Amino acid sequence: IATQERSHKVKIFTRTWKGEQPEGIHVHLLGKTGWSNISRNRHFFEALKRELPQHQLDGVVAFSRIPNADVYFAADPCYVERVKDKSFWYKCGQRYRHYKILEHNIFAGPNPPATLVLTEREIEAFNRHYGIAPDKFHLLPPGVDKNTDSEASAKNNRTDVRAELSTPESATVALFVGSGFRIKGLDRALRAIAANQTTTKDLEFWVVGNGKPARFQKLAKQAEVTVRFLGGRADTGRFYDAADFLLHPAYSESAGKVLLEALTHGLPVLTTDTCGYAPHILKANAGAVIESPFSQNTLNQTVKEFIQNADKRQTMCENALAYAASEDLYSCHQAAAEIIENILSKKLSVVSELAQA
């Protein structure tokens, strides 16, 4: 949409689409057939290869691993880096070979696309495996929504949400936000909460996000932890306002948008250094980051410190709000649109010069 707002015509080619389609942007649905994600991917790529030449396009921007694009938006982490510690048998599987080949076809050729990345860590990962020229990478600022609520509104949200959930004001609430519970480290979070059940008499754990909770409900029951699974919410901001800290001990996360969303609401953050945006938490002095290799005992102890020290949490809250007010955490889409425009303009200029030669 940011590109469209710069007076460009945009066409989207995708396998599936949920929700309303943006006005003025034509969405082409391709290659939906297949029994597995791999087969559906292959059908999509084959259909895309046939479809693109039928359109007069100035350039192609890929949001998944598609060869021959002009620009690749690397929202997903480097695949071979992410699975480097998987077993030999995993790497013999079809899934590994499929995604490794897709990524190899993008980056291992003589002219890889301009690549938009969200963190410095991803630049390092791609370079370790593919040796890409530095000028091919473009580091984007984050792209969270600004929190425009007043302090009074935040206090009202805290009061209202706690009343809705019958949570006393005196309770300490740890909040987990995100879909894909396993990779986000919900099991780690549950174990940390279980280890601190006696730290305070009023400790609650809320989980906001879509996922498959059965395994984690079983784990919570075994650990005798009461967890509120609240599902996916359109009003997540109210829960940031109502909680006392965000607990996000992810196994792997290329960025971790929820970390910055929490900062904009003044919510202290406890996360892991495997999240791309974790350095913002340290820079803001608005929480803590568990270093690799991960230690459950270290997480448990740090959660205990968060629970016990309300004054420190208040300082983190103030630091978070100050950081969110002074740093650019918001212009990802506008910056990406400008970079894409510049890259394609240079390409068209070269094409024009060659045509005139």
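None of the figures in this text is laboratory data; all of them are computed from the coordinates on show. Because the structure is predicted, anything quoted here is derived from the model rather than measured. Backbone-built Cβ (ideal geometry, glycine too); neighbour counts: all protein chains shown.
Numbers at a glance
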| quantity | calculated |
| --- | --- |
| Rel. contact order, % - alpha carbon contacts under 8 angstrom, at least six apart, the chain | 15 percent |
| Relative contact order %, region 105-146, counting alpha carbon pairs below 8 Å whose residues are six or more apart | 46 percent |
| Projected-area average for region 285-357 over all orientations - Cα convex hull basis, square nanometres | 8.6 nm² |
| DSSP-assigned coil residues among GluC sites (Glu not before Pro) in region 183-256, each with at most 13 further Cβ atoms within 10 Å | E224 |
| Region 332-356 and region 18-49: distance between their alpha carbon centers, rounded to Å | 26 Å |
| E224/Q296 FRET efficiency (R0 22 Å; Cβ-Cβ; nearest 0.05) | 0.80 |
| Partners for K155 among lysines (Cα-Cα distance below 20 Å; same-chain residues under 8 apart left out) | K146, K312 |
| Nearby lysines by direct alpha-carbon distance to K212 (threshold 25 angstrom, same-chain neighbours under 8 apart not counted) | K18, K32, K86, K184, K221, K257 |
| Whether region 151-326 is rounded, prolate or oblate, judged on the alpha carbon gyration tensor where a/c under 1.5 counts as rounded | rounded |
| Phi-based couplings in Hz for region 42-57 (Karplus 6.51, -1.76, 1.60; Gly and Pro marked x) | 5, 5, 5, 4, 5, 5, 5, 4, 6, 7, 4, x, 7, 10, 7, 10 |
| Per-residue ³J(HN,Hα) for region 68-80, Karplus 6.51 cos²θ - 1.76 cosθ + 1.60, θ = phi - 60°, Hz, x for Gly and Pro | 6, 7, 7, 9, 10, 8, 8, 6, 8, x, 4, 5, 5 |
| Inter-centroid distance (Cα atoms) of region 166-220 relative to region 232-291, Å | 14 Å |
| Region 148-216: trypsin sites (Lys or Arg not before Pro) falling in loop per DSSP and having at most 13 other Cβ within 10 Å | R182, K201 |
| Backbone HN-Hα couplings from phi across region 154-163 [Karplus 6.51/-1.76/1.60, Hz, Gly and Pro as x] | 4, 5, 5, 4, 4, 5, 5, 5, 5, 5 |
| Pairwise FRET efficiency - D160 versus Y96, Cβ, R0 = 45 Å, nearest 0.05 | 0.40 |
| Region 151-326 - percent relative contact order, Cα under 8 Å, separation 6 or more | 23 percent |
| GNM flexibility winner over the chain from D244, D202, D70 (Cα, springs under 10 Å) | D202 |
| Modelled FRET efficiency - R0 30 Å, A108 with Q334, Cβ distances, 0.05 increments | 0.45 |
| CD proxy at 222 nm, helix term only [per DSSP H run n ≥ 4: -39500 (n - 2.57); per residue of the chain; nearest 500] | -13500 deg cm²/dmol |
| Linear extension gain, S170 paired with S153, 0.36 nm per residue minus alpha-carbon span | 4.2 nm |
| Space enclosed by the convex hull of the alpha-carbon atoms of the chain, per residue, Å³ | 168 Å³ |
| Those aspartates and glutamates that a straight Cα-Cα span of less than 14 Å connects to K283, excepting residues fewer than 8 apart in one chain | D273, E318, E327, D328 |
